[in-house]
Structures are given as structure tokens and as C-alpha cells.
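Okay, structure first, notes after.
Quick note: the coordinates plus some simple rules give every number you see, no bench work behind them. The structure displayed is predicted, hence computed values, not measured ones. All Cβ positions, glycine included, derive from the backbone under ideal geometry; neighbour counts span all protein chains shown.
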């Protein structure tokens with residue numbers, strides 16, 4: 001999946017993956033992740049998710065990584081918030097107090113970029129990627145994250161014959177295959193999508209299932 005795919009989706013506003021509201025599972029399960037209340041949070045492949053404002057409003061420094069400059073600009077404009085733009089390489093940085101969006105390729109992150117990160121919120125990163133890229137994504141995320149960082153992961157599983165991703169279907173088994181070597185995995189919720197759920201109805205899904213995981217580095 002090339003960069004141009006995502007640039008085209010944002011240019012055409014084909015962004016059905018964008019929720020437009022704060023995710024319900026973030027509301028419900030974030031308190032279980034927090035220890036000090038001011039941990040820095042990484043949101044990979046963040047788009048313009050309103051979840052980042054929710055995290056910021058609760059005292060977390062937030063770092064979102066997003067490929068599309070359209071998404072980065074929209075994120076601040078839609079909130080009527082100003083951001084200082086810092087051109088640099090390999091990321092253009094949009095800075096609003098302790099909320100930052102870095103516009104560029106997630107795979108250009110290095111460990112020094114994330115020394116301060118203690119929590120990761122992944123609602124739409126893993127499921128945004130096709131199978132071959134998911135392993136690459138998890139490998140890179142594991143390599144650049146500090147050992148102390150913990151992950152709140154939300155996935156979606158469905159019959160791939162009913163829908164063509166993104167978002168792609170990721171099974172619970174695949175989560176264990178991808179993360180099991182390096183993380184202890186706690187499966188905290190499984191929630192079947194009702195047929196009248198807006199997303200399921202729009203996509204024609206009859207058996208979609210959302211899952212929530214908490215991941216803690218082993219050792």
C-alpha cells in the first residue's frame with residue numbers, strides 16, 4: 001500500500017475510517033491504562049481523530065503520526081485551534097502546546113523520537129494496513145517504543161468476503177501472532193457489531209466484531 005493511496009483517499013475525502021467522534025472504547029478503557037495521569041501518548045497513523053483532543057484535554061502530552069498533510073491541517077482547523085508549523089525532516093511538525101502532529105512516514109520514526117512516550121493508543125493503525133504491512137508496522141513500533149510503553153489496541157474482525165479494507169479484518173489470533181513474542185496481551189473486550197450499527201450497515205457487515213486489548217512489554 002503506497003503513500004499515494006492514502007494521499008488520494010484524503011484528497012477525495014474517502015475517509016470512512018474517520019469516526020468523527022471520540023471512540024467509545026477509549027472512554028471506557030483508558031482509565032485502566034493511566035497511572036500518573038500525565039503520561040505522553042503516541043497515536044500512530046492518527047488521521048484527524050478527535051480522540052487526540054480528548055487525551056490532550058485530560059492532561060496527556062500527545063504525539064500523533066500522520067502521513068497526510070490534509071488530515072493534519074483539518075485536525076486543527078476543525079477544532080478552531082492554531083498550530084505552529086515547524087518544517088523539518090523527515091517530519092513536518094504541527095505544534096499546539098503539548099499536542100503535536102508529525103506529518104510524514106511512520107516508518108521514519110527512531111527511538112530518540114519517542115523517549116518520552118509511555119502509552120500508545122491504536123484504534124485505526126493496525127487495521128488500516130494490509131497483512132504484509134501489519135507485521136512490518138508491529139516490528140517497527142516495537143523497535144522504537146521505550147520498554148515502559150503500554151498499548152491500548154482496538155481491532156475489527158469480519159468476513160473478508162463481505163468487505164474490502166481498509167479498515168482490514170484483524171483476528172484475535174493475529175494479534176497474538178504479531179505481538180505475542182514481545183508483549184503480554186490482555187484481551188479485555190469482545191463486542192459484536194449489531195447489524196444496525198452505522199459502520200456495519202454502511203459496509204454490509206453481518207458478523208463484524210470489535211476487540212480491545214491491553215499490551216504490556218514482557219520482562
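Observations
- Least to most buried among 48, 82 (fewest other Cβ within 10 Å first): 82, 48
- Compactness ratio for the stretch 114-214: Cα radius of gyration over 2.2 N^0.38 Å (N = residue count) comes to 1.11.
- Label-to-label distance, residue 216 versus residue 34, with points set 7 angstrom from Cα along the beta-carbon direction: 1.9 nm.
- Counted over the chain, the DSSP beta bridges are approximately 60% antiparallel.
- Working from label points 7 Å from Cα in the Cα-to-Cβ sense, the residue 207 to residue 24 distance is 2.2 nm.
- Simple spin-label estimate for residue 73 and residue 164 in nanometres, 7 Å along Cα-Cβ: 2.9 nm
- Going by neighbour counts of Cβ atoms within 10 Å, the residues 158, 56 line up, fewest first, as 56, 158.
- Taking 125, 200, 49 as the candidate residues, the one with maximal mean-square fluctuation in a Gaussian network model of the chain, Cα springs under 10 Å, is 200.
- Relative contact order (%) - the chain, alpha-carbon pairs under 8 angstrom, separation at least six: 17 percent
- Ellipticity estimate at 222 nm from DSSP helix runs (n ≥ 4, -39,500 (n - 2.57)) divided over the chain, nearest 500: -8500 deg cm²/dmol
- Annotation: Cα Rg of the stretch 3-217 relative to the compact-globule expectation 2.2 N^0.38 Å equals 0.97.
- Exposure proxy ranking, count of Cβ atoms within 10 Å, fewest first, for 77, 66, 174: 77, 174, 66
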